[in-house]
Amino acid sequence: FYYVQKVVVTTSGTVLAATRNGLFRSTNGGSTWTNVLSGIVADIEIGSNGNIYASTGIIQTAGNLYRSTNDGSSFSDITPATGGERMEIAVAPSDGNTLYVVASSGSNVAWFRKSTNGGSSWTTVAIPQYLEQSCSAGTQDFTRGQAWYDLILAVHPTNPNIVLAGGIDVHKTTNGGSSWSSISYWTGSCGPYLHADQHAIQFRPGFPNEAVFGNDGGVAYSSNVGSSSSPAFNVRNNGYNVTQFYAVAMQNT
C-alpha cells in the first residue's frame, strides 16, 4: 500500500482502499487483498444503490472515472470528458444514480459534469467562480489555481440538486449546478468567514442541514449550510493542535 487516499466499506462488508498503486479490494476484513483497478486512485464513492465510483489521476497524470455494479469485483470506464487529471466524485445519498464529478487540469478546473443515470450519460455543470477580494466574480475558478490541492464535493442528504463545492471557499448550488453562490470567504469580507482551502465536507447523519468542514484551518461546523444562502460557520478546533513550519533561519558564524 502506497499513500492510501481513502477507504470505504460496502454493505456486504467488502473493503476498498484507494492508493497510488491502484484500488485494492478485500472480502475477508483485510487479511488478503486483490488489485482490481490500476493507476493512481484519487477518490472512491459508494451510491445508495450499491454502485461504486472510482477515479484515477493526479496532477500531470491523466485520469479516468470508473463504475462497478458488482461490489467492486470489476470496473467499467465511464469517463465523461477528456483533459481531466485529479477527479473528485460526489454521489447523492438520496439517489445512487445521481453523481457529480469535477476534474482538475494542472492548477485549474478542467471540467464539471453531472449524471442522473449512474454515469451512462452526462451534462455540463457550471464551474463556480472565485470571488476576488473586491467581492465580484473574477476570471478564476473556485480553486484559484489550486485544483490539484483543494477540491471537494458533497451532495445534500435528501435533495440531489443541492451541492457544496469546496476550493478556496465553499460554493453552493440549489439547482443541480446550473448556477452557484459563494457561501463562505477566507477573509470574512465577502461572506461568512471560513478558513481557506477546503478538503472535506461531511453532512451530519440524520440532520440534513448540518455539516462539518475540514480545511487548512482545522475543523468547522455549520448548523444551517443545507438550508441557508448565508450559513453560519463555527470553528471547532477544540483540543486540535498542529504546527506547520513555513521557514527557518540560521546565523552564519
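The values are calculated or read from the model by the stated rules, or taken from the named source; none is laboratory data. These figures come from a predicted structure and were not determined experimentally. Reconstructed Cβ throughout: ideal geometry from the backbone, glycine too, with neighbour counts over all protein chains shown. Heavy atoms of the whole protein, side chains included, go into the accessibility calculation; ligands, DNA and RNA do not. Shrake-Rupley method; radii C 1.70, N 1.55, O 1.52, S 1.80 Å.
Filtering Gln146, Gln133 for residues that are modelled with pLDDT under 95, assigned to a loop (DSSP other than H, G, I, E, B) and out of contact with any Phe, Trp or Tyr (no Cβ under 7 Å at 6 or more places or on another chain) leaves a single hit, Gln133. Which residue, of Leu99, Leu131, is crowded, with 22+ Cβ neighbours inside 10 Å and in contact with a Cys (Cβ under 7 Å, 6 or more places away or on another chain)? After ruling out the rest, the residue left standing is Leu131.
Residue pairs whose Cβ atoms lie under 6 Å apart, sitting 6 or more positions apart in sequence or on different chains, and linking a residue in the range 2-30 that is on the phi > 0 side of the Ramachandran plot to a partner that is in a loop (DSSP other than H, G, I, E, B) and open to solvent by 40 Å² or more (accessible area, probe 1.4 Å), are Tyr3/Arg20; Gly22/Ser38.
Conditions tested, residue by residue: (1) surrounded by fewer than 18 Cβ atoms within 10 Å (Cβ to Cβ); (2) aliphatic (A, V, I, L, M); (3) modelled with pLDDT under 95.
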| position | (1), (2), (3) |
| --- | --- |
| Thr61 | yes, no, yes |
| Asn70 | yes, no, no |
| Thr79 | no, no, no |
| Ser94 | yes, no, no |
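The set of residues in the range 1-19 that are open to solvent by less than 40 Å² (accessible area, probe 1.4 Å) and in a loop (DSSP other than H, G, I, E, B) comprises Thr10, Gly13, Thr14.
Kindly establish whether Ala137 is aliphatic (A, V, I, L, M), free of Cβ contacts under 8 Å to residues at least 12 places away in the same chain and either open to solvent by less than 10 Å² (accessible area, probe 1.4 Å) or more than 30 Å from Asn70 (Cα to Cα) (or both). It is true that Ala137 is aliphatic (A, V, I, L, M), free of Cβ contacts under 8 Å to residues at least 12 places away in the same chain and either open to solvent by less than 10 Å² (accessible area, probe 1.4 Å) or more than 30 Å from Asn70 (Cα to Cα) (or both). Exactly one residue out of Ile46, Ile89 is under 23 Å from Gly106 (Cβ atoms) and either among the aliphatic types (A, V, I, L, M) or open to solvent by less than 40 Å² (accessible area, probe 1.4 Å) (or both), and it is Ile89.
For the condition at pLDDT 95 or above and within 16 Å of the chain's Cα centre (by Cα), Ser26 does not qualify. Considering only residues that are open to solvent by 50 Å² or more (accessible area, probe 1.4 Å) and among the small types (Gly, Ala, Ser), look in the range 200-231 and name the one that is farthest from Gln146 (Cα to Cα). Step by step, filter the range 200-231, then rank; the result is Gly206. Go over the candidates Thr116, Thr158, Thr143, Thr123 one by one and state the one that is under 30 Å from Pro205 (Cβ atoms), crowded, with 21+ Cβ neighbours inside 10 Å and among the hydroxyl-bearing types (Ser, Thr, Tyr). Of the residues listed, the single one that is under 30 Å from Pro205 (Cβ atoms), crowded, with 21+ Cβ neighbours inside 10 Å and among the hydroxyl-bearing types (Ser, Thr, Tyr) is Thr143.
Consider only pairs whose beta carbons are under 6 Å apart and that are at least six residues apart or on different chains; among these, list those whose first residue lies in the range 97-116 and is of a type in the set (D, E, K, R) and whose second residue is in a strand (DSSP E or B). Pairs found: Arg113/Val101; Lys114/Tyr100; Lys114/Thr123. Of everything in the range 181-199, what is open to solvent by 20 Å² or more (accessible area, probe 1.4 Å) and under 16 Å from His156 (Cβ atoms)? Give them in sequence order. The answer is Ser181, and nothing else.
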